[in-house]
């Protein structure tokens, strides 16, 4: 089940006896919690932390009747803490050790207390990589819960659409490209983007927000000038690249970070060339399918690099980046001189 599907059920007044929220997406989790809490008085909401209480204690609390509220919500965080500790056998196989027992919950859900909803929040693990198996263990432990919501990280286009919607509801306007700067600066993290949109709306009032405002107000957005340097070099604009490097040096920015971003851009450009991608739209779709966050402005930057650099030039750029990285790591290097030399060699 998705967060949207559960939201639709809640609007119809259909509250399940138990819900398991799986995954790290904090923005949708907050939306669901707000929707559940909105219709209940404060004394009808109880929070438990399974690092502090047992699952059996939570179930006992849910079974108890309230004299004051016909409907109650139990919000249980750190649901992963109830799982039994993993045990590794001599042959290296992982099994179940001592720890939690899901049977009290399974027994309760066969005859749940009317008007009570239990929401278990398991946000520690993701759906990919090493976390995937851990998340599967959590789902198996709570298999008695029929309503499971997967809170996957929002895709770039989904986060962009939601950010536009939030800004519209707050009456916030962005100058050309400023929203892309915000998305890039915060890595498409919708929970953080939502918080910064609220802050920017209060700061800007009726005027449009520009990239300069974002650089001042948003944590991590001082990297805006670093992105600008990467883009200028990606367009083979030597003059602009040197101007931005001068600004970065005066601001005391960490220049190896710019080199790391540039390395990523050229690797993406090389991958796009090898895949035969012919437009920013194709680049965005290609990397999104691979699970790499990619919104329109970022795809356009990569496309500009593909257009301005041939494949041999991109491969040469990767070698120059590696050499420059070694230069920045030398004993007491002058980072500005190293980066100026790199720009002059790259953009000629």
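The values are calculated or read from the model by the stated rules, or taken from the named source; none is laboratory data. Only a predicted model underlies this, so the values are computations on that prediction, with no experimental measurement involved. Backbone-built Cβ (ideal geometry, glycine too); neighbour counts: all protein chains shown.
So here's what we get for this one:
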read-out: Count of residues meeting criterion [modelled with pLDDT of 90 or more and buried (at least 18 other Cβ atoms within 10 Å of the Cβ)] in the stretch 99-108; value: 2
read-out: 3 or more residues under 31 Å from the mean Cα position of the chain (by Cα) and in contact (Cβ under 8 Å) with a residue 24 or more places away in the chain: qualifying helices (runs of 4 or more DSSP H) within the stretch 284-348; value: 296-308, 311-329
read-out: Test: residue 172 is in contact with a helix residue (DSSP H, G or I) (Cβ under 9 Å, 6 or more places away or on another chain), at pLDDT 80 or above and assigned to a helix (DSSP H, G or I); value: no
read-out: Out of 20, 32, sole residue that is touching a helix residue (DSSP H, G or I) at 6+ places or on another chain (Cβ under 9 Å), assigned to a helix (DSSP H, G or I), under 19 Å from residue 122 (Cβ atoms) and in the same structural domain as residue 105 (by TED's automatic domain parsing); value: 32
read-out: Test for residue 149: is it surrounded by 15 or more Cβ atoms within 10 Å (Cβ to Cβ) and not in a helix (DSSP H, G or I); value: yes
read-out: Number of the exception - residue 13 against (1) out of contact with any helix residue (DSSP H, G or I) (no Cβ under 9 Å at 6 or more places or on another chain); (2) at pLDDT 90 or above; (3) farther than 24 Å from residue 134 by Cα; value: (2)
read-out: Checking residue 116 against (1) more than 23 Å from residue 2 (Cα to Cα); (2) assigned by TED's automatic domain parsing to the domain that holds residue 13, the condition it does not meet; value: (1)
read-out: Residue match in the stretch 245-268 (condition: in contact with a helix residue (DSSP H, G or I) (Cβ under 6 Å, 6 or more places away or on another chain), modelled with pLDDT of 90 or more and surrounded by 15 or more Cβ atoms within 10 Å (Cβ to Cβ)); value: yes
read-out: Qualifying residue in the stretch 70-78 (condition: modelled with pLDDT of 90 or more, assigned by TED's automatic domain parsing to the domain that holds residue 133 and assigned to a helix (DSSP H, G or I)); value: no
read-out: Enumeration of residues in the stretch 240-262 that are more than 21 Å from residue 318 (Cα to Cα) and not in a helix (DSSP H, G or I); value: 252, 253
read-out: All positions within the stretch 281-304 that are modelled with pLDDT under 85 and touching a helix residue (DSSP H, G or I) at 6+ places or on another chain (Cβ under 7 Å); value: 288, 293, 294, 295, 296, 297, 298, 299, 300, 301, 304
read-out: Qualifying position, being touching a strand residue (DSSP E or B) at 6+ places or on another chain (Cβ under 6 Å) and farther than 30 Å from residue 112 by Cα, among 200, 182; value: 200
read-out: Filter pass, residue 56 being buried (at least 18 other Cβ atoms within 10 Å of the Cβ), over 26 Å from residue 187 (Cβ atoms) and touching a helix residue (DSSP H, G or I) at 6+ places or on another chain (Cβ under 7 Å); value: no
read-out: Scan of the stretch 98-138 for residues that are assigned to a helix (DSSP H, G or I), touching a strand residue (DSSP E or B) at 6+ places or on another chain (Cβ under 9 Å) and under 21 Å from residue 47 (Cα atoms), ordered by number; value: 105, 108, 109, 138
